[in-house]
Amino acid sequence: MTTALDDYREVSPKGTVDFLYRLSDLVKGRSVAHVSAVRYGGGAAELLRRLVPMMTALGVETRWEVIAGTQEFFTVVKRLTDALQGRDEKITEDMYQTFREINERNAKALNLEADMVMIHDHQPAGMVEYRTRGTWLWRCHLDLSQPQRRAWTFLRRYALKYDAAIFSLSGFAQRLPIPKFLVYPSIDPLSPKNREMNRSEINQIVDRLGIPRTKPVILQVAKFERFKDPLGAILAYRIVKKHHDCRLVLAGSGVMHDTEGEAVLAEAREAAARDPDIHLVQLPPEADLEINALQRTATIVLQKSLKEGFGVTVSEAMWKGKPVVGGNAEGIAAQIIDEVTGYVVHSAEGAGFRLRHLLNNPGLITRMGAVGREHVRRNFLITRQLSDFLTLLKIMSPQ
Amino acid sequence: MTQQAHHKISDSTFTFIGCSEVQEILGQQAEDEKELAELVEEVPLDSIHFHTHSYFLRHRFIERAYPNDFAQWVVMQVGDHVLGERLAVVDPFDYPNLEDLREEIISIIDDHLSRMSVIPRVVFGEPFHCKRSRILEVPIGLEVRSLAEFRQAVADVDVSAIYFHMFEAHFRLGREESDFSAWIRSGLGLHELADCIRSINPYLGSLERLRSSLITACDEFLAKA
C-alpha cells in the first residue's frame, strides 16, 4: 500500500510536510537510482519500500534497482558482511573474483542513468567501477568501526571511487578521503510495525503469542544473538523481580538454520529456569504487527545490547510512548536521551536498577514515554530521512 | 511609537527562508580532554559552529541538560562535571565571532587541565566525533509586509526558519544582527521592537522557546498600541 506524503501531516512535526514540498521544489525533475541487494526484508529494503514512492510523488524521478546474483555470490557477500563487522572470516581470492564478476554483470544489465546513484551497502558497491554519469553515493548501513583488515582493504578501493559516503553513526565510519555524511536511520510511523492499533487488535495478537496481560511487562525485541545479551536481560529481570511482580518477554526472529541463534536461545532457556514469567518468543519472518502489539503492551522496553547496529527498535518503542532502558552501544545511546526518555546503562545490574526505579515511579514511566515519542517525532521519523536525502540530492548533484 | 507605526505596511517584504541540514563527519575524534582542546584548535570554524549552534536545529523540541556538544560530551561520556559545567555557561551570544568563541573554549579546557594531575578520558563512553553542517536554504514561499503578518508567520512557520534567521544569518553568514531585528528596524522602522528582539538571547532554550519569545515580544509591542 502506498502512503501519500500528506498522510504524514498528522504524525510529523508541524510544518514538516509543507517544508518537504518546498524542499522538493529545489530538486524537482532530477533522477535518482537506488541500488540494493534485495527487495524484501529489513534494513535498506524496508527503507526503500517506503522512501521510493514518496520521492516519486514529490517529483523526483526515482528508481529502485535490485542486483541479481548467484547462490555463490550471496554466500560471499554474507561472509563479507560478517568480516566488515569484525568477525573472523576467510575470504579467498576466488570469492573476491565472484564479487567482481557479479558486480560487473549487474552494472551492464541495470539502468544506472541518473543524476544521483545511491548504492546501498557493500553487495553492489563494486558497480562504481562502471559509473558513467551522475553523482555516486555509497550508503553504508553497516558498522565499519572494527572491520577485518583484508575485507575492508578490498572494499575501500571501491569506496574511494564514490563522490561521498553516508553512514548511520559517526563511529561506524572508517577514514576515507571523500566527504562522509551522517544520516540516522528512521522509522515509518504509518507502517504496520508502527501504525496505531486499537486495544482489541493488540490483545488478540498478544494472546495469540501466549503472553498474559496480568503483570507489568518488560520487553526486549532482538534476535537471539550474544551481542543482544538476552542473559543480561534475564539477570536484570531477576533483580527487578525481587521487588516487583513482573514479566520479561524476549522476542526475536526464529532461530531455525542459525547455529548461534539456537545456542543462545538454549542458554536463555536454561537461564530462565522454567520461570513462568519469562517468555521466550520466536517470531515469524516479517512479524511487524506482532512487534507493534508487543511494544504497545510493554510497560518498559529494554534493549540490553552489548553491541548494536543502529538499533531502530529503540525509536519504535519510544514512538509507542515507552521509556527505554538501553545498553551503552553507540546506536542505542544516540537515540535515548539519558534520564529524559529512558536510561543508558553499562551493566545488567544497571539495567535492573533503572527498571526497578521506573516501576517504583509509574508517573515517570508516563512522562518519559511522552517525551520519548516527541523526541522520535522530531528526529527519527521517515520524513526527516526524506528531508536528508532531498538535501543531499541538492547539495551533491547541483545543476 | 504611534498607532500608525504598528499597522505600517512596509515597502520591503520579509521573505522567510527555512533550512535543511545534513551532517558531515570530519573524521577527527577525541578520546580525552587534551585531544578535545587540540581538535577545537584545528577544526574548521564551521565545525565550531556545528557543535555550538546547529545543536539547536537538531534538538528543536527537547532542551538537553547542556547547551553545546562539548559540554554534553565532557559530562556524559568522560564524566567530568567540573569542565562540563564551565563549558555549559559559555554563551556564544557574548562573542562577536566564531574565532573568539573557539579561543574561549580552548582557554577553558587548557585552564581546567592545568589543575588536573591526570587527563580525564573516555573509559566506557564514546569518543567525541567532529562534524560540521551542510545547510541548504529552502525558500518556503512565505512573505510578510506588516508586524501583524510577521507575528502570525513566526507562529506558524517551520521552526528551521527561526533557526535560519536567528542563528545562521547572524553568526555564520556574518550579518550584523538577526534577519528579524534587521527587517523590523529597517523595513518597519520599529527601532524599539527591533532592539527588544535583538536582545533576546537565543541560547537559553530550544527553538520552540525562542519562537515563543519572539511572539511575546511582538504581542507586547502590539498591546502597547
note = Placing each pseudo-label 7 Å from Cα in the direction of the beta carbon, residue A:4 and residue A:258 end up separated by a distance in nanometres of 3.9
ask   = What's the FRET efficiency of residue B:219 with residue B:199 using the Cβ-Cβ distance as r and R₀ = 22 Å, to the nearest 0.05?
value = 0.85
message = How much of the pair distance distribution for the range A:94-181 lies past 17 Å, counting alpha-carbon pairs only, in percent?
response = 46
task = Could you tell me what fraction of 2.2 N^0.38 Å the Cα radius of gyration of the range B:85-216 comes to, as a two-decimal ratio?
result = 1.32
query = Among B:115, A:9, A:63, what is the fewest-to-most ranking by other Cβ atoms within 10 Å?
reply = B:115, A:9, A:63
ask   = Relative to the longest principal axis of chain A, what angle (0 to 90°, nearest 10) does the C-alpha long axis of helix A:149-159 take?
value = 50
task = Would you mind working out the magnitude of the charge dipole of chain A relative to its Cα centre, with +1 at each Lys and Arg C-beta and -1 at each Asp and Glu C-beta, to the nearest 20 Debye?
result = 660
key: Kirkwood estimate for chain A, i.e. one over the average of 1/r between Cα atoms, Å   = 22.2
message = Given points 7 Å out from each Cα along the Cα-Cβ axis, report the residue A:90 to residue A:244 separation in nanometres with one decimal.
response = 4.9
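Note down the Stokes-Einstein diffusion coefficient of the range A:318-359 in µm²/s, whole number, using a Kirkwood radius over alpha carbon pairs, 37 °C, and 0.692 mPa s.
321
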task = Calculate, axis by axis, the spread of Cα positions in chain B along the three principal axes, and write the results as whole Å, longest axis first.
result = 65, 30, 27
key: On Cα atoms only, tilt of A:362-379 relative to the major axis of chain A in degrees   = 10
ask   = When the Cα atoms of the range A:180-270 are enclosed in a convex hull and the volume is divided per residue, what value in Å³ results?
value = 172
query = Given the C-alpha centroids of the range A:286-351 and the range B:125-167, what is the distance between them in whole angstrom?
reply = 31
ask   = So for the range A:199-379, Kirkwood radius off the Cα pairs, Stokes-Einstein at 10 °C and 1.306 mPa s: how many µm² s⁻¹?
value = 100
key: Subset of A:228/A:322; A:193/A:322; A:193/A:242; A:215/A:242; A:90/A:304 violating a 22 Å alpha-carbon distance limit   = A:193/A:242; A:90/A:304
query = Based on the Cβ-Cβ distance from residue B:153 to residue A:49, what FRET efficiency comes out when R0 is 41 Å, to the nearest 0.05?
reply = 0.65
More than 15 angstrom apart: percent of Cα pairs within the range A:11-99 = 70
request  = Give the angle, between 0 and 90 degrees and rounded to the nearest 10, that separates the Cα long axis of helix B:33-42 from the longest principal axis of the Cα atoms of chain B.
outcome  = 50
key: Where labels lie 7 Å past Cα in the beta-carbon direction, separation of residue A:68 and residue B:191 in nm   = 7.6
key: Hits among lysines - C-alpha to C-alpha of residue B:34 under 22 Å, sequence gap 8 or more where chains match   = B:131
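Quick one, can you get me the convex hull of the C-alpha atoms of the range A:101-248 expressed as volume per residue in Å³?
Numbers: hull volume 28.4 nm³, N = 148.
Convex hull of Cα atoms, per residue: 192 Å³.
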For the range A:296-342, size of Cβ-based charge dipole, Lys and Arg +1, Asp and Glu -1, in debye = 240
request  = Highest first, please rank the peptides B:26-39, B:99-112, A:315-328 by the mean number of other Cβ atoms sitting within 10 Å of their residues.
outcome  = A:315-328, B:26-39, B:99-112
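Each value in this text was obtained by applying a stated rule to the coordinates, not by laboratory testing. Just so we're clear, the structure is a prediction, and the values are computed from it rather than from any experiment. So basically every Cβ, Gly included, is an ideal-geometry build from the backbone, and we count neighbours across all protein chains shown.
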